[in-house]
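For reference, the structure discussed in these notes is given below.
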Amino acid sequence: MKQTIPALAILASVSGLGIAQPLSSIDLSGAEFFDGLGDSSNTILSVFIGASFSLTHIEWNLNLTTFTDPNSLTPSWASDANINFNGLLNLQVSDTTGGVVNENNVGSADVSITIGPDGLLRMELWESFDDSPDNADATLAEGSWIRINYLPAPGPIAAFGVGGLFITRRRR
């Protein structure tokens, strides 16, 4: 009986690692959308999550306002505003084909993104059609946020489990 208690304690602690953990909301208030994906003018946010963690779910509440191009006097379309996650996933902020003022966009999605060895989630705010090069085409108003749920990758969980088995076996 004494030998099973440590094994159960290890299993309980390892199984707790497999529960999705919410990350504090990432405040995007004031963030701006500039040019096409990969352009040096774009707003890029880096958030430390942890090496080899997997994102499982994102939620967002984004209040978008588009700007008018001073040259053509036409507003940028809200549907041009995108957020890219680690080059793997794109979130189109709005599907409105026209300019908007403080349009609220709320949603959520299940995702599968593994964070690399540096532990960083990179979010690039970009425009699918650049109305005004090197000028902001849109901005996110006060109160805009993204929330992310994440899990440790299966590899670290398995490593903890195998380590627990060796500890238990060694005591016998």
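The values are calculated or read from the model by the stated rules, or taken from the named source; none is laboratory data. Only a predicted model underlies this, so the values are computations on that prediction, with no experimental measurement involved. Because the Cβ atoms are built from the backbone with ideal geometry, glycine has one as well, and the counts that use them run over all protein chains shown.
Some observations on this one:
- Inclusion of T56 among residues that are more than 25 Å from L121 (Cβ to Cβ), in contact (Cβ under 8 Å) with a residue 40 or more places away in the chain and not aromatic (F, W, Y) is not warranted.
- Positions within the range 8-53 being polar (S, T, N, Q) and modelled with pLDDT of 90 or more, in sequence order: S29, S40, S41, N42, T43, S46
- Number of the condition not met by L73 [criteria: (1) modelled with pLDDT under 95; (2) over 24 Å from D131 (Cα atoms); (3) of a type outside the set (G, A, S)]: (2)
- Across the range 102-126, the number of residues qualifying as out of contact with any Phe, Trp or Tyr (no Cβ under 8 Å at 6 or more places or on another chain) and without any contact (Cβ under 8 Å) to a residue 60 or more places away in the chain comes to 6.
- Exclusive hit being over 25 Å from D134 (Cβ atoms) and surrounded by fewer than 17 Cβ atoms within 10 Å (Cβ to Cβ), set S41, S46, S52: S52
- Of all residues in the range 28-70, those being part of a strand (DSSP E or B) and polar (S, T, N, Q) number 9.
- Within the range 76-101, the only residue that satisfies the criterion of being in contact (Cβ under 8 Å) with a residue 40 or more places away in the chain, assigned to a loop (DSSP other than H, G, I, E, B) and among the polar types (S, T, N, Q) is S76.
- Hits in the range 117-167 - residues which are loosely packed, with under 14 Cβ neighbours inside 10 Å, over 22 Å from V93 (Cα atoms) and modelled with pLDDT of 85 or more: P117, D118
- The residues of the range 102-113 that are loosely packed, with under 13 Cβ neighbours inside 10 Å and closer than 22 Å to L37 by Cα, listed by number, are A109, S112.
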